[in-house]
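Taken together, the values in this text are just the output of simple stated rules run on the coordinates, not laboratory data. Please read these numbers as outputs of a predicted model, since none were measured by experiment. Glycine gets a Cβ as well: all are built from the backbone with ideal geometry, and neighbour counts include every protein chain shown.
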Amino acid sequence: MGFLDLFFVALMPVLKVLLITGLGLFLALDRIDLLGANARHYMNNLVFYLFSPALVVSQLGETITFQSLRTLWFMPVNILLTFIIGSILAWILIKITKTPPHLQGLVTGCCSAGNLGNLLLIIVPAVCMESNSPFGDSTICSINGTTYASLSMAVGAIYIWTYVYIIMRIYADKSAEDTGTNQSISDSESYNALLSRKNSGPSGCSKEDELPLTISERSFQSVNKFTEKINLKMVFAPATIAAIFGFIIGIVSPIRKLMIGDSAPLRVIDSSASLLGEATIPCMTLIVGSNLL
């Protein structure tokens with residue numbers, strides 16, 4: 001494949017996305033107002049709670065098997081490495097640019113997560129549908145590519161609401177503590193307060209009267225502090241729960257035979273989920289365009 005052919009294969013999907021994004025921008029104009037603030041809110045909810053989970057569970061259920069799952073072990077590892085490397089680069093960027101404390105968490109979160117999320121679900125199918133795509137048959141490419149993107153989105157959501165969320169909470173707490181300290185007491189007063197706290201316990205007892213914590217108690221306190229910084233509700237977002245169900249459907253053979261395949265008794269459930277999932281990509285692209293206003 002020549003350079004120009006490869007260039008047009010890469011260009012066409014981007015143009016498709018930009019056209020639909022432009023349509024979303026047009027529909028959100030005040031004169032049209034088909035995608036106003038209320039409409040975007042409801043469409044976002046539909047994508048988040050219904051369309052996107054339907055796409056994830058249908059794609060994973062149809063393509064994931066126990067054998068294929070063993071070949072995908074690298075995905076959680078690679079995504080985690082991406083987050084760690086992004087955090088390191090963010091730390092370097094913060095040191096070089098002297099980022100204000102209240103923005104350091106945001107910079108770290110953006111550099112860690114990058115573009116991981118729904119973007120792959122938009123770009124990958126558009127690439128696969130090109131007639132001269134280098135990835136072979138468009139149907140197989142679209143199924144496998146969408147499955148890969150769905151799994152990436154689910155794994156990425158877990159890391160975002162654990163790894164990135166904790167980092168941003170730590171930076172936010174540190175910034176709040178620094179701000180409160182600077183506004184409440186001077187350096188000399190804080191030094192005296194620190195000495196006072198060291199010499200007395202929480203109930204006014206002397207330091208010698210306090211009982212030392214055991215290793216198990218310290219470990220339990222560390223685990224509690226860690227879990228307090230995790231938003232479990234967001235970790236188990238609809239797409240993550242859908243990915244879990246998709247894995248169960250694909251891996252557990254009796255369930256797979258019931259739901260997947262032309263002769264499956266409950267194939268209508270999978271077909272309905274696929275039909276709902278097809279609305280995910282155009283809706284997300286329209287929402288991106290409408291949010292540009």
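Observations on the model:
- Point-to-point label distance, residue 48-residue 81, nm (Cα→Cβ direction, 7 Å offset): 3.3
- Exposure proxy order (Cβ contacts within 10 Å, fewest to most) of 278, 62, 130: 278, 130, 62
- Loop-located trypsin sites (Lys or Arg not before Pro) in region 37-144 (DSSP state other than H, G, I, E, B) with a sparse environment of at most 12 neighbouring Cβ atoms within 10 Å: 98.
- Approximating the spin labels as points 7 Å out from Cα along Cα→Cβ, the residue 38-to-residue 129 distance works out to 3.1 nm.
- Sites residue 138 and residue 29, calculated FRET efficiency, Cβ-Cβ separation with R0 35 Å, nearest 0.05: 0.55
- As a proxy for reagent exposure, 21, 65, 108, 71 were ordered by neighbouring Cβ count within 10 angstrom, fewest first; the result is 71, 65, 21, 108.
- Working note: Karplus 6.51/-1.76/1.60 with θ = phi - 60° gives region 89-102 the couplings 5, 5, 4, 5, 4, 4, 5, 6, 8, 6, 4, x, x, 6 Hz, where Gly and Pro are set to x.
- Contour excess over end-to-end distance, with Cα ends at residue 278 and residue 88 and 0.36 nm allotted per residue: 64.7 nm
- Residue order, fewest to most beta carbons within 10 Å, for 120, 29: 29, 120
- Label point at residue 252 placed 7 Å out along Cα→Cβ; residues across region 47-81 whose backbone nitrogen lies under 19 Å: 54, 56-70
- Label point of residue 241 set 7 angstrom out along Cα-Cβ; within region 36-67, amide nitrogens under 13 Å from it belong to 48-51, 53-54.
- R0 of 22 Å, Cβ-Cβ distance residue 233-residue 110: FRET efficiency to nearest 0.05: 0.50
- Rounded to 0.05, the FRET efficiency of the residue 95 and residue 174 pair, given R0 = 22 Å and the Cβ-Cβ distance, is 0.90.
- Derived scalar couplings between HN and Hα for region 281-287 equal 5, x, 5, 5, 5, 4, 5 Hz in order, rounded to whole Hz, by the Karplus curve 6.51 cos²θ - 1.76 cosθ + 1.60 (θ = phi - 60°), x for Gly and Pro.
- Across region 233-259, the residues whose backbone nitrogen lies under 18 Å from the label position 7 Å along the beta-carbon direction of residue 65 are 246-259.
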